[in-house]
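Beneath this line is the structure, given in structure tokens, with notes to follow.
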Amino acid sequence: MFKSKVAMAVVWPLLVLLLSGSSRTVRAADDEHEYTVVEMRSLQLMNATCYGHKVTSPHNRTWLPLNLLHGPCSASSNDATPSLDDLFLQDQQRIGDIHWRLSDDGVGGNQGNRRPPGKISQTNVQNVPAAPFHVGNQQNTASSSKQGSQLSIDPAATGGGGQSSLPGVVQMLLLDTASDVPWVQCVPCPIPPCHPQTDVFYDPTRSSTYAPFSCNSPACTQLGPYANGCVNNQCQYRVTYPDGSSSSGTYISDLLTINPTNAISNFQFGCSHVEQGRFDNQTAGIMALGGGSESLVSQTALTYGNAFAYCIPPTPSYKGYFLLGVPSVAASRYMVTPILRNPQVPTFYRVLLRDITVAGERLNVPASVFAPGSVLDTRTVFTRLPPTAYQALRAAFRSSMTMYRSAPPKGAFDTCYDLTGVGTVRLPKIALVFDRNAVVEIDPSGILYDGCLAFVPNRNDNMPGVLGNLQQRTIEVFYNVGGGAVGFRRGVC
């Protein structure tokens, strides 16, 4: 009896120790699935170093490097940290326009009767992705910054595989999934009304493949709300944007070269001679990727399968990529959800958000809250959520961040923290749950911005949400437009 008591006295503490150790192991495993520890320096808004791509460019694919404007990886870097006030205003104008165009008053009115725009206090369009395209076919022997040169030697535009010469001029264009008409500035383009640009100006008269559209051509008559009359029997276009800016000129076609193995003949786009408002000097125009018939995606549907993909890097210190066509990746590696299309507003790609998880727990937001859908937009920075969903997200996030000292709100951000002197931060993992149970975990760069929870609520639950580019970062977003679906593959760039 005494021996058994002694044995129990020895075995019991060991058993308790083993069980407690097992419990700690389980908690550590759970913590790994629910939280992530992030170095604060990886979330820095601006860094002087460009680290390039995290992935290598595929061979013989329609692949282009992508970067965030005004960072160290852009053609003309700018070390200034983006102003939150400007980002909020830039976003609000764009969000308001998306909401209006999808409302009962705005359906079918893509270009007319826009509400009075606000004013942006600086010319730089911050935190927006852009990529280099080659326009025209003239090949010269020397480059020039003057208007009219057609030489383009740009190794980055071929994926970084050494210096190679492509026809035409390289044009850094904003990638815009919520507009339909591509355009570039064209010679003659006096400044003003045109804006200065880093790239050589495109001169259509020096490209033998250039052709303007006549006013009775199908391309012109199908411009619809973007048509802007006729000058010397040449079709004119005009595109306006949420901040009141606009581009107008002649609607033309020319060769568009993506890389040495992929070129698009007779690509249709706006040849801009007159602008109103402000455009970024690092860009020569806009590459429209919307669902309208004028966009790059629609024009190349027969050749490239009515599909495209991109991956926006976590910060301006890295490069992402743009890809026209279907990625050479197994379909099983994507989280897939249907695209919701409105025939009266074909521009937008909407998806249906079903729920949100924070630290592994679903918020169980009522389905009716997400019924208006969410628009995928590359030029909106911060995601807009229905207020009911945002309040649930905020409450769960705050309860997971109690170890950090709160800080005053910053503009539209109402959940901020004082992380001064903090080397690493323990963030709850956040995932968006789309229709058909497509669970997409957001990168830490899309959770915390300038020490704040990087989401903003809409005014009411009846407004559609907008999935901004900050929450899309490091994720390959694959638009299978022809198949009516969007795929998400995380941790790619």
So, with a 1.4 angstrom probe, what is the percent of accessible area on segment 248-393 that is carbon and sulfur? 50 percent
What FRET efficiency comes out for THR303 versus SER399 if R0 is 45 angstrom and r is the Cβ-Cβ distance? Round to the nearest 0.05. 0.35
On a full-extension model of 0.36 nm per residue, what is the gain between ASN266 and ASP86, subtracting their alpha-carbon distance, rounded to one decimal in nm? 61.0 nm
Compute the separation of the alpha-carbon centres of segment 191-209 and segment 361-395 and state it in Å as a whole number. 41 Å
Kirkwood-type radius of segment 197-320, with distances r between different C-alpha atoms, in Å: 16.1 Å
Pairwise centroid distance, computed over Cα atoms, of segment 412-473 with segment 224-238, Å: 42 Å
Cβ neighbours within 10 Å, averaged per peptide: list 392-398, 250-256 in order, most packed at the top. 250-256, 392-398
Computed label-point distance, nm, for sites GLN44 and GLN391 using a 7 Å Cα→Cβ extension: 4.0 nm
Could you check the simple spin-label distance between ASP435 and SER328, using points 7 Å along Cα→Cβ, in nm with one decimal? 3.3 nm
How far is it, in nm, from the label point at ASN216 to the one at TYR35 when both lie 7 Å from their Cα along the line to the Cβ? 7.3 nm
Work out how much length ARG341 to THR205 would gain on full extension: take 0.36 nm times their residue separation and subtract the Cα-Cα distance, in nm to one decimal. 45.1 nm
As straight-line cross-link partners of LYS429, the qualifying aspartates and glutamates (C-alpha separation under 17 Å, not fewer than 8 residues apart within one chain) are ASP30, ASP31, GLU32, GLU34, GLU39, ASP355, GLU361, GLU441, ASP443
Residue by residue, what Karplus-based ³J(HN,Hα) values in Hz, rounded to whole numbers, does segment 239-248 have, using 6.51, -1.76 and 1.60 with θ = phi - 60° and x for Gly and Pro? 10, 10, 10, x, 8, x, 6, 8, 10, 9
Between ALA367 and VAL422, what is 0.36 nm times their sequence separation minus the Cα-Cα distance? Round to one decimal in nm. 16.0 nm
With all protein chains present, how much of the accessible area of segment 407-466 (probe radius 1.4 Å) comes from carbon and sulfur, to the nearest whole percent? 48 percent
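The values are calculated or read from the model by the stated rules, or taken from the named source; none is laboratory data. The model shown is predicted, which means the values in this text are computed figures rather than measured ones. Here Cβ is always computed from backbone atoms with ideal geometry, including for glycine, and neighbour counts include all displayed protein chains. With ligands, DNA and RNA removed, areas are computed over all heavy atoms of the protein, side chains included. Shrake-Rupley method; radii C 1.70, N 1.55, O 1.52, S 1.80 Å.
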